[in-house]
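These notes concern the structure reproduced below.
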Amino acid sequence: MDLDFANDIAIVAEEENVRQEMTTKLEEQSAQVGLNISRKKTKAMGITQRSSPQPIAVAQGNIEYVERFTYLGSVIFSDGDVKADINTRLAKAAAVFRRLDNVWRSSTLSLKIKVDLYTSFMVSTAMYASETWKS
């Protein structure tokens, strides 16, 4: 197998020392196939009561902690707030709706086809990852 790069890896751990151990192990295993963890491109986010979580170190230095980031198209906040993600999803669905204006105005497409398209494009875009939103 030939790996040149890897993206979107999430390490989840309840204890800070375990998070560092997992990161170190990932770095070691990656190095065996010629991959490196980029400190500049890697971000960490902790959901904790501590004001300053323990830094996560890689060979190039400590990984930056952030309060929010986008992962697989979803906006994630360290406090678990989903308002921004919901607003982003709704804006994306509205953009899709506007781009299909000629479809909605078409007199050659039946109402059933338009409803099916609406359900397929708008609803799925708006609801993407909604199962991860806190209630």
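Residues in the range 67-108 that are of a type in the set (Ser, Thr, Tyr), surrounded by 15 or more Cβ atoms within 10 Å (Cβ to Cβ) and under 17 Å from residue 43 (Cβ atoms): 74, 78.
Does the range 70-83 contain any residue that is in contact with a helix residue (DSSP H, G or I) (Cβ under 7 Å, 6 or more places away or on another chain) and at pLDDT 85 or above? Looking for residues that are in contact with a helix residue (DSSP H, G or I) (Cβ under 7 Å, 6 or more places away or on another chain) and at pLDDT 85 or above, one finds none in the range 70-83, hence no. Just one of (1) under 20 Å from residue 18 (Cα atoms); (2) modelled with pLDDT of 90 or more; (3) not small (Gly, Ala, Ser) trips up residue 90, so point out which. Tallying (1) under 20 Å from residue 18 (Cα atoms); (2) modelled with pLDDT of 90 or more; (3) not small (Gly, Ala, Ser), residue 90 fails exactly one: (1).
In the range 97-106, the count of residues that are in contact with a helix residue (DSSP H, G or I) (Cβ under 7 Å, 6 or more places away or on another chain) and not hydrophobic (A, V, I, L, M, F, W, C) is zero. Among the residues of the range 16-62, those identified as among the acidic types (Asp, Glu) and farther than 20 Å from residue 76 by Cα are 21, 27, 28.
The values are calculated or read from the model by the stated rules, or taken from the named source; none is laboratory data. Quick caveat: nothing in here was measured; it's all calculated off a predicted structure. Glycine gets a Cβ as well: all are built from the backbone with ideal geometry, and neighbour counts include every protein chain shown.
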